[in-house]
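Taking it in order: structure first as structure tokens, then the write-up.
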């Protein structure tokens, strides 16, 4: 089996697995944070676990970019957009945003590490090695403009929401509070909504199948958790706004 065949077989399996994960997480919340439970290995510091999980994304994507044949201004923009998110997520977010002393099992960190290894390979190998090189004309196409707007808007929502959550965590001193402000007025997990929007925008901007699969994975991972957290707030806070949705404003 040549690499192209094995690549697309892996991509198809990865896409199918996202559906399996989505269905599984609807019934069994991922075992970290407020849903942490035994059976997934030793408990790690949340900051340390986060760095472990995210580290393959910026480092491996840099490898695929520098070893690739596609280095036009377009591919450079794709690379920098991906790196902007993950450099901040890996080296800034865990230390800048208060996490309320949450703990993460080693098993969860290992699964996150493995996911980012595969995802970085699928996206990086395609964009910088396998796909035809793009010309600068793509910057004026509707899909690039729309995707870039969604990506930037999603990143802004994601970070603004995380900053608000960090403030709530500081005020609550480890206790859960009802999030307020920003898009939290419409959804329980505004930060998750921002991240889903971000990677949907990246998929549209790059017009690349592996990026679309990543957007699907993002939703499959975050949507069930948003639903579980939404139900947690409804069950534990009598004054929780009943008009809020879990993840997508006015819809879900």
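Rule-based calculations on the coordinates, nothing more; no lab input. What you see is a predicted model; the values in this text were computed from it and never measured. Please note: Cβ atoms are built from the backbone with ideal geometry, for glycine as well, and neighbour counts cover all protein chains shown.
Quick look at the numbers
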quantity	calculated
Sequence ranges 123-132, 9-18, 185-194, ranked by mean other-Cβ count within 10 angstrom, highest first	185-194, 123-132, 9-18
Separation of the residue 186 and residue 133 label points, Cα + 7 Å toward Cβ, nm	4.1 nm
Structure-derived Kirkwood radius over Cα pairs in Å: which label, when the choices are [x] 19.1; [y] 17.8; [z] 18.6	[x]
Between 0 and 90°, nearest 10: helix 190-206 axis offset from the chain longest Cα axis	10 degrees
Sorted by Cβ neighbour density within 10 Å, fewest at the top, the residues 197, 26	26, 197
Förster radius 51 Å - calculated FRET efficiency between residue 235 and residue 76 (Cβ-Cβ, nearest 0.05)	0.60
Label point 7 Å beyond Cα of residue 149 along Cβ direction - residues of the stretch 184-225 with amide nitrogen under 16 Å	197-198, 200-206
Over the stretch 127-226, equivalent-ellipsoid semi-axes from the Cα gyration tensor in Å	32, 14, 10
Neighbour-count ranking [beta-carbon atoms within 10 angstrom, fewest first] of 89, 231, 37, 167	37, 231, 167, 89
The chain - percent relative contact order, Cα under 8 Å, separation 6 or more	24 percent
Relative contact order (percent, whole number), the stretch 47-130, Cα cutoff 8 Å, 6+ residue spacing	60 percent
Rounded to 10°, Cα long-axis angle of helix 73-91 versus longest principal axis of the chain	30 degrees
The chain: most fluctuating residue of 42, 56, 94 per GNM, C-alpha cutoff 10 Å	42
Residue exposure sequence - 206, 218 - by fewest surrounding Cβ within 10 Å	218, 206
Extension reserve of the residue 243-residue 43 stretch, reckoned as 0.36 nm per residue once the Cα distance is removed	68.4 nm
